[in-house]
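Enquirer: Quick one: the structure is below, and I'll ask about it shortly.
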Amino acid sequence: MDPTQAPISPANEGGAPIHVPVLVALPRHSGVEEVLDYLQPAELGPRRLAPGTLVRVPLGRRVVTGLVWQSTTDANRPPVSELRSLAEVLPQLPPLQDAWRSLLQFAAGYYQRAPGELAMAVLPAQLKELDGIQLQRRLKKLDRSLSASNPLPAHAVVQAESADAPPALPALSPQQAQVLEELNRSPSGTCLLHGVTGSGKTEVYLRAAEAALSRGQQVLVLVPEINLTPQLEARFAARFPRQRMVSLHSGLTPPQRLQNWLAAHTGRAELLLGTRMAVFASLPRLGLIVVDEEHDPSYKQQEGARYSARDLAVYRGRLESLPVLLGSATPSLETWLNATPAPAGLGRYQRLAMSQRIGDGALPRVRLLDLERYCAQHGRQALRDKPVAPALLQALRDRLERGEQSLLLLNRRGYAPVLHCPSCGWKSGCPHCSAWRVFHKLDRSLRCHHCGFSERVPLRCPQCGDPDIQPVGRGTERLEEQLSALLPEARIGRIDADTTRTRGSLETQLAAVHEGAVDVLIGTQMVAKGHDFRRMTLVAAVNADSALFSSDFRAPERLFALLMQAAGRAGRDARQAARSEMWIQTWHAAHPLYLALQAHDYEAFARSQLLERRAAGLPPYTCLALLRSEARDQAAALGFLQKAAMQARALLPQGIELQLYPPVPAALQRVANVERAQMLIESPHRAVLQRFLAVWLPRLQEGNAGETRVLRWAVDVDPQSI
Ligand code: ADP
Ligand code: ZN
Ligand code: ZN
């Protein structure tokens, strides 16, 4: 039967037909209301469907999934004769709760997206494709898979438990105990757990989770990237063998994603571990949110609704009156300001600190390897073609002799970032982007990391025919090659996006490091995060300087976090901690960032950064939004923004504290033959910026309905970089 043609037999509520408001996905400002009225079929009885119920409704010629929404006023309702009936209700599913709908509504408003569009984007794709019967099958399958993962019948588990001793928990460190005590005292609100690497933050998460689980609540744990924190998942699984844990991240197949989402939504799973998308999971008994490595930039979605999962987690905590635990050794400056007591800070979050490593292990000594001074003594030639200075090479040799491991951090993959012809000056630019193509030696390709365009490396200069084209600079591939020549006896491993392309390869390579099959590990930021390498006593950043003078205002914050995190990979075993070191090979040994790092002084770093941010009028002291546009030519992209600025000025009331900056080409101006431009909007007040965007953007949409030269435009609230 074609559901759009279903005969209307409306249900009656005290004689009147029942209207059901349904939220459907329509792009924002498309001119059509997103909450449409439908009639509830008589088969469903006289009770109005609860808000949050998933339904299928006819929309134009299609049948789409929608959500029953809050009842609107009856005033401007279309007459019954014009209404269509719901096509199908998915009654097997409990409705999405009020709190979930409030979160969605808030996120849509804040990030300037349509609620329906956002709802359909954050619900699992398969949920929108399956009909009631298929869904029923999935739920049955879910029950089967859950009982299979726990092979003993419930009573047997209980007996086994009572026979065995309870699982041995590590005795808490004094700082862990103190932090947990304070957490217990504040049953809701946001807490920053500021703990140095190795201070045992995970144990705090586990204990806090245990408390929530014992109250019968669900726990949401957010992580930056799931495959970079395999140990966290394993530790939760080991600690709570009788609880059901599921994950949500982009690596799941659509059926897996639906299955895990259903497990959380129906309350069958108590623990949910996931990446940013998981902040939108439906968790009817949610009792705690943990955001691990809260400073990590990957919590900000970079397309569609550009939400910050960290910020939404804090909002969700407030909405549902539950505790939110933000953990980091190097908190974001936003969080730090919120967790700093007034008057210096905002005093909105509680701040809990753990300054000691477990077992009283020392933090690695940070040594600055001053290349400038080295060259002054030995001449620049002495460093020619050397990936590491002789002193660092010696430090690597010492580790090798003692059977300890080292990590070389180089945040740039490939062999060399650019090829160059010395005779004519040709460089390996990408024909489609304003970027160089990177030389990858393994498959002898020139590859653009922005659009993916790849070609075989030319044998001669494409411009003058000279066969002597040269790699310029160094990526991980070249570092590996050069280091192998210098340390032939060492087993050298490399982990970066190129070596971990195939499924499972990251896990295999990490396992090799943990087993001690690698002496020197070369890697990008992937290896700096989270891993608990027990035999590592030396971490060295080979070319950290490149991030020091970036135009991105968050670059120093990121670099500091990355280096602190990398340093935290060394000396995790307290017995080796005393002789663990972090080396930084640098031309700017007196840079304040490095000096703060050397003193392990996050607070000093944060203080100086905040002063700079305040002086420059940057977040967290101001609120930003970025309007971006994309077009085939730059003039069109800029033209759109100029028009938008004119429209905005006309709307701006006198004396409003909001500033529009002139439109400019984006830092990376062209990607895949698309020209990009942007315009910054800034206000010291979040509410002012929000109100303005809410008025301006719909006008912009109307004003550009027929515009064809602009391919795309969108606003990014709280952009990561400008
Ligand atoms: P962080 O996340 O703060 O860097 P981890 O949670 O990874 O630190 O803890 C570092 C190491 O210390 C881990 O190997 C962990 O198992 C161990 N650990 C944590 N808490 C304790 C404790 N109370 N007693 C013994 N070992 C602990
Ligand atoms: Zn040439
Ligand atoms: Zn390109």
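The values are calculated or read from the model by the stated rules, or taken from the named source; none is laboratory data. What you see is a predicted model, and the numbers here were worked out from it, not measured in a lab. Cβ placement follows ideal geometry from the backbone for every residue including glycine, while neighbour counts extend to all protein chains displayed. The accessibility values were calculated without ligands, DNA or RNA, using every heavy atom of the protein model including side chains. Shrake-Rupley method; radii C 1.70, N 1.55, O 1.52, S 1.80 Å.
Enquirer: Around ARG437, under 15 Å between beta carbons, what's the net of Lys plus Arg minus Asp minus Glu among the other residues?
Expert: Numbers: positive: ARG412, ARG413, LYS427, LYS441, ARG444, ARG447, ARG456, ARG670; negative: ASP443, GLU455, GLU477, ASP498.
Result for the local shell: +4.
Enquirer: If I model a spin label as a point 7 Å beyond the Cα along the Cα-Cβ vector, how far apart are those points for THR708 and ASN184 in nm?
Expert: Using points 7 Å along Cα→Cβ, the separation is 7.0 nm.
Enquirer: Okay, which of segment 239-262 sit inside 19 Å, backbone N to the point 7 Å along the Cα-Cβ direction of ARG215?
Expert: 243-244
Enquirer: Please work out the FRET efficiency for the pair PHE549 and ARG48, using the Cβ-Cβ distance as r and a Förster radius of 51 Å; give the result to the nearest 0.05.
Expert: After rounding to 0.05, the efficiency reads 0.25.
Enquirer: Quick one: net charge around ALA99, please, counting Lys, Arg +1 and Asp, Glu -1 for every other residue with C-beta under 15 Å from its C-beta.
Expert: +2
Enquirer: Contour minus end-to-end for ALA485 and ARG607, with contour as 0.36 nm per residue of separation and end-to-end as the Cα-Cα distance?
Expert: 39.6 nm
Enquirer: Further question on the same structure: Counting other Cβ atoms within 10 Å of each Cβ, which trypsin sites (Lys or Arg not before Pro) in segment 655-700 have at most 16 and sit in a DSSP loop? Intermediate values should be presented prior to the final figure.
Expert: Details: sites: ARG670, ARG676, ARG686, ARG691, ARG699; in loops: none.
For trypsin sites (Lys or Arg not before Pro) across segment 655-700 that sit outside H, G, I, E and B with at most 16 neighbouring Cβ atoms in 10 Å, the list is empty.
Enquirer: Using alpha-carbon positions, what is the distance between the centroids of segment 380-394 and segment 660-697, in Å?
Expert: Centre-to-centre distance over Cα atoms comes out at 45 Å.
Enquirer: What is the sum of charges, Lys and Arg at +1 and Asp and Glu at -1, for the other residues whose Cβ falls under 14 Å from the Cβ of ARG244?
Expert: Numbers: positive: ARG144, ARG239, ARG242, ARG268, ARG285; negative: ASP143, GLU233, GLU270.
Spelling it out: positives minus negatives among the neighbours equals +2.
Enquirer: Using only DSSP helix segments of four residues or longer, with each worth -39500 (n - 2.57), what per-residue ellipticity at 222 nm results for the chain after dividing by its residue count and rounding to 500?
Expert: Calculated at 222 nm, the ellipticity per residue is -10000 deg cm²/dmol.
Enquirer: Just by accessible area at a 1.4 angstrom probe, what is the order of LYS140, LYS300 from largest to smallest?
Expert: Result of the area sort, largest leading: LYS140, LYS300.
Enquirer: Enter the per residue convex hull volume of segment 623-717, computed from alpha-carbon coordinates, in Å³ rounded to the nearest integer.
Expert: Values: hull volume 7.9 nm³, N = 95.
Enclosed volume per residue, from the Cα hull, is 83 Å³.
Enquirer: Between GLU88 and ARG242, how many nm apart are label points set 7 Å from Cα along the C-beta direction?
Expert: 3.9 nm
Enquirer: Taking loop as defined by DSSP and a crowding limit of 15 other beta carbons within 10 Å, which trypsin sites (Lys or Arg not before Pro) in segment 420-524 fit? Mind dumping the intermediate values first?
Expert: Working: sites: LYS427, ARG437, LYS441, ARG444, ARG447, ARG456, ARG460, ARG474, ARG478, ARG491, ARG494, ARG501, ARG503; in loops: ARG437, LYS441, ARG444, ARG460, ARG474, ARG491, ARG501, ARG503.
Qualifying residues, ordered by number: ARG444, ARG460, ARG491, ARG501, ARG503.
Enquirer: How much of the DSSP bridge set in the chain is antiparallel, in percent, rounded to the nearest 5?
Expert: Around 50 percent antiparallel, to the nearest 5.
Enquirer: On to the next question. Report the relative contact order of the chain, percent, no decimals, based on alpha-carbon pairs under 8 angstrom and at least 6 residues apart.
Expert: Numbers: 1337 pairs, mean separation 79.6, N = 722.
Taking the mean separation of contacting Cα pairs over the length of the chain, I get 11 percent.
Enquirer: Compute the distance in nm between two label points, each set 7 Å from the Cα along the Cα-to-Cβ direction, one at GLN642 and one at GLN659.
Expert: Distance between label points: 2.3 nm.
Enquirer: Further question: Largest first, what is the accessible-area ranking of TRP100, TRP587 with a 1.4 Å probe?
Expert: Order by accessible area, largest first: TRP587, TRP100.
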